[in-house]
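Have a look at the structure below before the remarks.
The values are calculated or read from the model by the stated rules, or taken from the named source; none is laboratory data. Since the structure is predicted, the reported quantities are computational estimates derived from the model, not experimental observations. All Cβ positions, even for glycine, are placed from backbone atoms using ideal geometry, and neighbour counts span all protein chains on display. Quick note on the areas: whole protein, heavy atoms, side chains included, nothing else; ligands and nucleic acids left out. Shrake-Rupley method; radii C 1.70, N 1.55, O 1.52, S 1.80 Å.
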Amino acid sequence: MLIMVRPIRPRFVRELPRIDYFKPRGIPLSTLNEVVLKVEELEAIKLKDLECLEQEECAKKMKISRGTFQRILNSAKKKIADALVNGKAIKVEGGNYKMPVARTGRGFGRRAGGPPTVCVCPVCGNQQAKVAGLPCSQMKCNKCGSLMVRGN
Ligand SMILES: [Zn+2]
């Protein structure tokens, strides 16, 4: 089917769910059926039904089209209804989603500690303490007068 071939764009999810498993009481694990709710499906339910946002806004937050959002939301509701009506467990897992860069952007040689503390002159290598509120690119080297770049 065509839908399998088309690459799926990731859906933006602000945070991972705190609880990822719901189990009905009194059903032995061996006979328990479960539905798997994707992380973006839970996010869709949260935005639309819990935070009561307009569908347009939900789609924007997840960086997807309204049509895609509607499809994800419908799928989520169907799974939840299935679980409630038929006494199935709900597992929240997987899917195709992306976290905001701020939460996942650690690494790549960049320090997690925020703005740089030192500016470096690209011409003579002189280092100066960064002045709060003034970007390195607007600071002049004390020795040669060139504009600085961020040091760390
Ligand atoms: Zn310099």
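A few points about this structure:
- Every pair of residues 6+ apart whose Cβ atoms lie under 9 Å, when the first sits in the stretch 131-152 and is more than 13 Å from residue 118 (Cα to Cα) and open to solvent by less than 80 Å² (accessible area, probe 1.4 Å) while the second is of a type in the set (Asp, Glu) and within 12 Å of the ligand (Cβ to nearest atom): none
- On the stretch given as the stretch 75-121, residues that are modelled with pLDDT of 75 or more, part of a helix (DSSP H, G or I) and open to solvent by 80 Å² or more (accessible area, probe 1.4 Å) total 5.
- Pairs linking a residue in the stretch 29-54 that is over 16 Å from residue 71 (Cα atoms) and touching a residue at least 24 places away in the same chain (Cβ under 8 Å) to a residue that is surrounded by 19 or more Cβ atoms within 10 Å (Cβ to Cβ) and not small (Gly, Ala, Ser), with Cβ atoms under 6 Å and 6 or more positions apart or on different chains, are 33/88; 34/88; 35/79; 35/88; 35/90.
- Hey, residue 58 free of Cβ contacts under 8 Å to residues at least 24 places away in the same chain and at positive phi or not: no
- Residue tally, condition in contact (Cβ under 8 Å) with a residue 24 or more places away in the chain and assigned to a loop (DSSP other than H, G, I, E, B), over the stretch 6-28: 13
- Screening 57, 43, 51 for residues that are of a type in the set (Asp, Glu), closer than 19 Å to residue 12 by Cβ and open to solvent by less than 60 Å² (accessible area, probe 1.4 Å) leaves exactly one candidate, 43.
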